[in-house]
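Okay, structure first, notes after.
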Amino acid sequence: MNRRDFVRLGWATVIGAGAGKLGPAFAESLGLRHVPGPLQHPMISTSEPTATGRAADFTLRIAPMILELAPQVVISTIGYGDKVPGPLLRVREGQRLTVEVVNDTDVPEYVHWHGLFVPSEVDGAEEEGTPSVPAHGRREYQFVAKPAGSRWYHSHTAAMMDLHRGSYTGQFGFLMVDSANDPGLYDQEVFLALREWEYFLSTGDPDEMQSDPNDPMPEKPASPDQRPNGLEVSAPLYSINDKMLGAGEPLRVRSGQRILMHLLNASASQIHRIGLFGHHFQVIALDGNPVPTPQTVDVIEIAPGERVDAIVEMNLPGVWILGELRDVARRSGMGIVVEYANQAQPRPQWLPPPKARWDYTIFGKPSPHPAPDETIDMVFEKVPGGPHGINHWLVNGKEYPQEREFVLRQGGRYRLVFHNRSDDSHPLHMHRHLFELVELNGKPTAGIKKDTVIVPAFGRAAVDLIADQPGLTLFHCHMQQHMDFGFMALFRYA
Ligand SMILES: [Cu+2]
């Protein structure tokens, strides 16, 4: 048992004492440990808001809700429209969209439209000047849905030390922008959001993935930082969409079907790896953008903020678990049963997929890049265990705010070089733009368009960006705690 498992078991024991009512047979069948019993919550109002002005295409209502992750595992969170994930918003590319957001909570909120080209005033980031949805108030977001692909929407409120705000809550949902050119080469389409619940702070290493000793680590300093690490965000419960493994409906398939999986990591803090024994994922899009070279892989790695679209051919009849590779995460709920029709054997099987390394560059193409007009170096460093015992983060030697430093000229072609001088991997997200991956740890590539990129521990990535979306633009690590404690910068147009 490692330190992390110990912390987790300790937590489950404390809050599960006297409340471990999860049916033993159910729990055993999944290899789940006992988890806390139901919590008590006041009833929430279900009255519908009255319309203001023009009719909205969609209404999102932010309100406290209770969420049944599994029988007898009921938690309290804040969600959109009493659903987790929130309602699937599905639109055509180029469609003008009005979303009315009603905020039935006591705090101002922001809804961010992740991966869309929208103006700063509606992007849903306070730092860019988007107005809030006031507490017990409402606001309309109007924008044109583009570009096509798997987008999503989520709270962009700072949480700081409050682990029941912002992306620690159930405020996230899928936003599909359909292209007129979708070839539709699949039989079923499923949306799978990866999540943890009941976040807490611990000194256990929440970075689930050990960095690979074979990684080149071009940014590793000669002498390691000896200061003790601060408190980080961990979680005892996991789910895919709103259910822990085994608690929801299985994914029902037939032999020979092609299933298009829209995977989203809606986690506030963890990178995940997903596998399905005996099956392969044909990755066709990253962050919603078609890749130049679709490739088949056994394991998908996906960081907070990222999306992966993959087609899975169903050619091994049985009852399987699509799940997180780490036993602790899968046994705590991160998985879903995949059930072929007409199966006699009811017990879902987990077998680890073949060992595989995730490497974005296999989905790229080799063509060279024109030289950028300007290169902007960004150096990221950790200050271990600062105020409140939380790690703080520096961008070019400074915690956010970085308001004057990063300036783009309209139409300019920029190369951003991300130097990760910390021992954690970070998913780096640029609002309102796409960038093209140019290099990862010294490996060149082209044609991979993303809005969020994992830069491995002590790693380096370079991305090209065309400055064609005037307005303030937020850049940050997509892990909520990192973002809240310094890991942000603001780009402005000259
Ligand atoms: Cu980070």
Checklist entry - Can you tell me which residues in the stretch 460-494 are out of contact with any strand residue (DSSP E or B) (no Cβ under 7 Å at 6 or more places or on another chain) and either assigned to a strand (DSSP E or B) or under 14 Å from E127 (Cα atoms) (or both)? => result D484
Checklist outcome for this item: Reported set for the stretch 68-105 where residues are surrounded by fewer than 23 Cβ atoms within 10 Å (Cβ to Cβ), of a type in the set (S, T, Y) and in contact with a Lys or Arg (Cβ under 8 Å, 6 or more places away or on another chain) is T98
Checklist entry - For Q481, all conditions in the list (1) at pLDDT below 95; (2) crowded, with 22+ Cβ neighbours inside 10 Å hold save one; what is the number of the exception? => result (1)
Item to check | Qualifying residues in the stretch 244-276 (those that are closer than 22 Å to G288 by Cβ and more than 19 Å from the chain's Cα centre (by Cα)) - the one surrounded by the most Cβ atoms within 10 Å (Cβ to Cβ) | outcome: L276
Checklist entry - If you take the residues of the stretch 426-459 that are over 17 Å from the mean Cα position of the chain (by Cα) and part of a loop (DSSP other than H, G, I, E, B), which of them is farthest from the ligand (Cβ to nearest atom)? => result G442
Checklist entry - Just to be sure, is Y141 more than 17 Å from the chain's Cα centre (by Cα) and within 12 Å of H112 (Cα to Cα)? => result yes
Checklist outcome for this item: Residues of the stretch 151-165 being surrounded by 22 or more Cβ atoms within 10 Å (Cβ to Cβ) and either in a strand (DSSP E or B) or over 17 Å from the mean Cα position of the chain (by Cα) (or both), in sequence order, are R151, W152, Y153, H154, S155
Item to check | Residue in the stretch 472-482 that is hydroxyl-bearing (S, T, Y), in contact (Cβ under 8 Å) with a residue 40 or more places away in the chain and within 15 Å of the ligand (Cβ to nearest atom) present | outcome: no
Next on the checklist: D178 - would you say it is surrounded by fewer than 19 Cβ atoms within 10 Å (Cβ to Cβ), among the acidic types (D, E) and out of contact with any Asp or Glu (no Cβ under 7 Å at 6 or more places or on another chain)?
Outcome noted: no
Checklist entry - Hey, which of the strands (runs of 3 or more DSSP E) in the stretch 318-425, taking only ones fully inside, have at least 1 residues that are crowded, with 16+ Cβ neighbours inside 10 Å and within 16 Å of the ligand (Cβ to nearest atom)? => result 374-383, 392-395, 413-420
Item to check | Any strands (runs of 3 or more DSSP E) falling wholly within the stretch 72-149 and containing at least 2 residues that are over 25 Å from C477 (Cβ atoms) | outcome: 73-80, 89-92, 96-103, 138-144
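The values are calculated or read from the model by the stated rules, or taken from the named source; none is laboratory data. Predicted model only: the values in this text are computed from it and were never measured. Every residue, glycine among them, receives a Cβ derived from its backbone with ideal geometry; neighbour counts consider all protein chains shown.
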